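The structure appears below as structure tokens.
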Amino acid sequence: MELDDATHLLENSLGQQGPLHDTDSSAELLKELTFLPLAITQAAAYMNRNGVSIAEYLGLWRDAEQSVVSLMTREFRDPTRYSATQSAVATAWFVSFESIRVSDAIAADLLSFISCVEPKSIPRSMLPELGPTEQMVNAIGTLCSYTLLTRRKDDMFDTHSLVHLASRIWVDRQGLAVGMTKTVMQHLAAIFPSSEHTSRPKWQAHLPHAFRVLREGAGLDLQQRSGREIHGNRLEKVCRWRESHLPEDDNSLLASQHALARASRADGQIRRAVELLEHVVAVRERVLERNHPDLLSSQHVLAIATRANGSVSKAIELLERVVSARNKTLSKNDPDRLAAQHTLARAYEADGRIKESTELLEEVQAITQTD
């Protein structure tokens with residue numbers, strides 16, 4: 001964008017009825033913003049919201065700039081991957097983020113929440129209720145007034161991909177990334193709709209966000225170790241009692257062993273989890289139909305543990321069997337079918353089969369984004 005066009009955009013965004021009075025400061029600011037419309041409208045949104053002059057905003061922007069350059073470099077680990085325009089707009093957003101953090105805590109918490117989910121098609125019903133209705137309305141209004149969030153007619157919200165990246169870096173800078181990921185994961189688990197057909201539109205809208213949070217949280221220790229140990233010890237005692245009192249193919253015994261295997265995997269005991277699940281799968285293959293949901297569930301979890309144990313090809317073999325069975329017995333929009341496809345796509349990716357992984361992920365995404 002040329003200087004004249006950028007100046008005109010700034011004038012309109014600030015609601016000016018004529019030329020800007022401080023032409024030197026405005027020209028300097030536009031140069032710093034690299035004449036980028038996204039950065040200009042964000043800067044204007046801040047000035048309108050907070051009633052500061054162009055010269056005052058320019059000072060705030062310069063205070064934040066060096067910090068943002070450092071953070072962007074660290075985020076990409078390769079300074080050639082981001083440009084001056086990205087740095088400029090990120091700096092403008094950081095100024096707004098800090099203002100929101102000070103003036104509207106609920107809006108800041110919502111922004112942090114949104115940084116953990118997908119940036120597009122965010123259902124209003126998925127957002128956490130962080131205060132009374134009036135405060136929530138005001139907080140959402142704050143984010144919209146800063147142009148950080150866009151409200152759609154279908155009660156959905158979008159945020160720009162660069163806003164999303166900048167907010168994620170901002171949350172990480174405050175040391176809140178791990179805790180926020182855990183909070184978002186727990187919230188989605190609590191509100192995620194059932195897989196009943198009547199709930200399909202809701203869980204279809206939530207599913208991409210759940211996948212995103214699970215992917216982001218995959219490498220994080222999201223539970224306290226002491227809590228896992230208590231849970232694991234209880235499951236261990238239940239399994240021992242049932243093993244000594246029930247036949248090998250008793251469903252409650254197998255369910256306990258399945259749960260213990262999952263707890264073991266969460267605690268990093270991958271080999272033990274694999275051994276338990278191999279036993280459960282072997283018994284269930286003997287006593288259940290090939291497409292029985294319990295058998296497919298155990299095979300799915302076994303594949304995840306097997307991949308974590310370093311056997312990607314074996315995991316793919318299991319997952320292809322699960323996906324094939326679920327494709328035959330479940331609708332294309334069923335969460336269990338989509339989850340298996342997503343896990344298989346990630347296994348393909350780990351095995352270097354990028355084309356197959358991409359095609360399957362695109363298929364899952366297309367289904368979850370279809371009304």
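The values are calculated or read from the model by the stated rules, or taken from the named source; none is laboratory data. Just so you know, these numbers come straight off a predicted model, no measurement behind them. Ideal geometry is used to build each Cβ from the backbone, glycine not excepted, and the neighbour counts take in all protein chains shown.
Table for the structure above
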| read-out | value |
| --- | --- |
| Every pair of residues 6+ apart whose Cβ atoms lie under 7 Å, when the first sits in region 337-362 and is without any contact (Cβ under 8 Å) to a residue 12 or more places away in the chain while the second is in a helix (DSSP H, G or I) and crowded, with 19+ Cβ neighbours inside 10 Å | Glu356/Tyr348 |
| Sole residue being of a type in the set (Ser, Thr, Tyr) and modelled with pLDDT under 90, chosen from Ser297, Ser252, Ser324 | Ser252 |
| Which listed residue is within 23 Å of the chain's Cα centre (by Cα), among the basic types (Lys, Arg) and farther than 19 Å from Ile270 by Cα, from Lys328, Lys332 | Lys332 |
| Failed condition for Met185, given (1) under 20 Å from Tyr46 (Cβ atoms); (2) of a type outside the set (Ser, Thr, Tyr); (3) in contact with a Gly (Cβ under 6 Å, 6 or more places away or on another chain) | (1) |
| Members of region 126-160 that are under 17 Å from Phe211 (Cα atoms) and surrounded by fewer than 20 Cβ atoms within 10 Å (Cβ to Cβ) | Leu127 |
| Leu318 being at pLDDT 90 or above and more than 30 Å from Trp241 (Cβ to Cβ) | no |
| Boolean, Met156 is at pLDDT 80 or above, touching a strand residue (DSSP E or B) at 6+ places or on another chain (Cβ under 7 Å) and under 29 Å from Arg337 (Cα atoms) | yes |
| Members of region 237-277 found to be in contact (Cβ under 8 Å) with a residue 40 or more places away in the chain and not in a helix (DSSP H, G or I), listed by number | Asp267 |
